[in-house]
Ligand SMILES: [Zn+2]
């Protein structure tokens, strides 16, 4: 993805909710070990909704930490989060939102 379109998206899609609606994903990179995990944005939105967390992309990294660094005794390293078109990382994915809740979100944005 080019830098300019990256910046455009970052300015438009400021919350996990927006990223999910645009059917993009979230790219989490550990600043320490550079491990990358691509999370499904719809699943992430649903997790944040259920827990009533603020889904601003600025604050979302506080809800994640690098599992590898944590197990190695480096504490909870917060990842850098970016919007991506890449496919989600197989394995440990968040469950998708129930159809009913997803449709409610989509219709809220259509009106
Ligand atoms: Zn790490």
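Read-outs throughout are calculated quantities, based only on the coordinates presented, and are distinct from any laboratory measurement. The structure presented is a predicted model; accordingly, all values stated were derived computationally and were not measured. Positions of Cβ are generated from backbone atoms using ideal geometry, with glycine treated the same way; all protein chains shown enter the neighbour counts.
Can you confirm whether segment 66-73 contains a residue that is touching a residue at least 24 places away in the same chain (Cβ under 8 Å), in a helix (DSSP H, G or I) and surrounded by 12 or more Cβ atoms within 10 Å (Cβ to Cβ)?
Yes - at least one qualifying residue is present in segment 66-73.
Looking at segment 18-33, I want the residues that are touching a residue at least 12 places away in the same chain (Cβ under 8 Å) and have a partner that is within 16 Å of the ligand (Cβ to nearest atom) and in a helix (DSSP H, G or I) with Cβ atoms under 7 Å, at least 6 apart or on another chain. Which pairs are those?
That search, which allows pairs on different chains as well, returns 30/69; 32/69; 33/68; 33/69.
One residue is enough: does segment 38-56 have a residue meeting the conditions in contact with a helix residue (DSSP H, G or I) (Cβ under 7 Å, 6 or more places away or on another chain) and within 16 Å of the ligand (Cβ to nearest atom)?
No, that holds for no residue.
Out of 67, 75, report the one residue that is within 16 Å of the ligand (Cβ to nearest atom) and farther than 19 Å from residue 92 by Cβ.
Exactly one of 67, 75 is within 16 Å of the ligand (Cβ to nearest atom) and farther than 19 Å from residue 92 by Cβ, namely 75.
For the structure I just gave you, tell me whether residue 89 is away from the ligand (no atom under 16 Å from the Cβ) and either over 19 Å from residue 109 (Cβ atoms) or not in a strand (DSSP E or B) (or both).
no
Just a yes or no: is a residue in segment 17-26 loosely packed, with under 14 Cβ neighbours inside 10 Å and either within 16 Å of the ligand (Cβ to nearest atom) or assigned to a strand (DSSP E or B) (or both)?
Checked segment 17-26: no residue is loosely packed, with under 14 Cβ neighbours inside 10 Å and either within 16 Å of the ligand (Cβ to nearest atom) or assigned to a strand (DSSP E or B) (or both).
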